[in-house]
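These notes are about the structure you will find just below.
The values are calculated or read from the model by the stated rules, or taken from the named source; none is laboratory data. Every value quoted in this text rests on a predicted model; they were computed, and no experiment measured them. FYI the Cβ positions are ideal-geometry reconstructions off the backbone, even for glycines, and counts take in every protein chain you see. The area values use the complete protein model at the heavy-atom level, side chains included, leaving out ligands, DNA and RNA. Shrake-Rupley method; radii C 1.70, N 1.55, O 1.52, S 1.80 Å.
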Amino acid sequence: MNNTILLGLTGAGALLLASGLAHADPCKLALESNDQMQFNVRELSVPAECTEVEVTLRHSGQLSARAMGHDWVLAKDSDMSAIVNAGLAAGPTRGFLPEHDKRIIAATPIVGGGESATVKFATSLLQAGARYAFFCTSPGHATVMRGRFIFGGDPRLVRASSAPK
């Protein structure tokens, strides 16, 4: 194959790959947790056009859910502390989540190393401009494992801001 054809095919492949990345669904978010009690992002944002949001949490560590499990919970920022405290009372058999708590907008089950969980929720539960937080309810984790969730933000500006290493 001559070099001109090879360069053309390589360029076309790169364009196809780039266009696939550019058209990622802004209503589907993914984040990771690890054995060092960290999320890999501090901020998540979805545009107001989303009617449903899908969030996937992947635990990139190796420790079991019992030793270093994490969940992803979404609530109003002002409700976070009360939910974490109620989760402690609920205990590990309930995944540190208070049962039927109306303050919880969405939550994944607790996952351990190598596991993942996905939750879907309707944006009709959210208000643009309101202050939302995502956090882990495992005991002691919410102090460092938390971030801001923005509904109605411009996804080109903030989609998944990286946490400092």
Rounded accessible area of Asp25 (nearest 10 Å², 1.4 Å probe): 70
Excluding same-chain residues fewer than 8 positions from Lys102, which aspartates and glutamates have a Cα within less than 12 Å of its Cα? Asp79
What's the magnitude of the charge dipole for region 61-121 around its Cα centre, counting Lys and Arg as +1 and Asp and Glu as -1 at the beta-carbon? Answer in Debye, nearest 20. 80
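So how much slack lies between Glu115 and Ala128, counting 0.36 nm per residue of separation and subtracting their Cα-Cα distance, in nm?
1.5 nm
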Interchain or sequence-distant (5+) residues whose placed amide H lies within less than 5 Å of the amide H of Leu44 are Arg148, Phe149, Ile150
Projected label distance in nm at Asp35 and Asp77, using a 7 Å step from Cα toward the beta-carbon: 3.4
Using a 10 Å cut-off on Cβ atoms, rank the peptides 103-110, 36-43, 66-73 from the highest mean neighbour count down. 66-73, 103-110, 36-43
Once phi for every residue in region 54-70 is put through the Karplus expression 6.51 cos²θ - 1.76 cosθ + 1.60 (θ = phi - 60°), the whole-Hz ³J(HN,Hα) values, with Gly and Pro written as x, are 10, 10, 10, 9, 10, 8, 8, x, 10, 6, 5, 4, 5, 7, 8, x, 9
In order over region 142-149: 3J(HN,Hα) from phi, Karplus 6.51/-1.76/1.60, θ = phi - 60°, whole Hz, x for each Gly or Pro, gives 5, 5, 10, 9, 7, x, 9, 10
Whole-Hz ³J(HN,Hα) for each residue in region 124-135, computed from phi via Karplus 6.51 cos²θ - 1.76 cosθ + 1.60 with θ = phi - 60°, x for glycine and proline: what do you get? 5, 7, 10, 10, 4, x, 6, 8, 10, 10, 10, 6
Row for region 51-121, column shape: gyration tensor on C-alpha, a ≥ b ≥ c, rounded if a/c < 1.5 i.e. under 1.5, prolate if a/b over b/c, else oblate; value oblate
Projected label distance in nm at Thr143 and Ser64, using a 7 Å step from Cα toward the beta-carbon: 2.6
Over the alpha carbons of region 57-98, what is the largest minus smallest coordinate on each principal axis, giving the biggest first in Å? 32, 20, 11
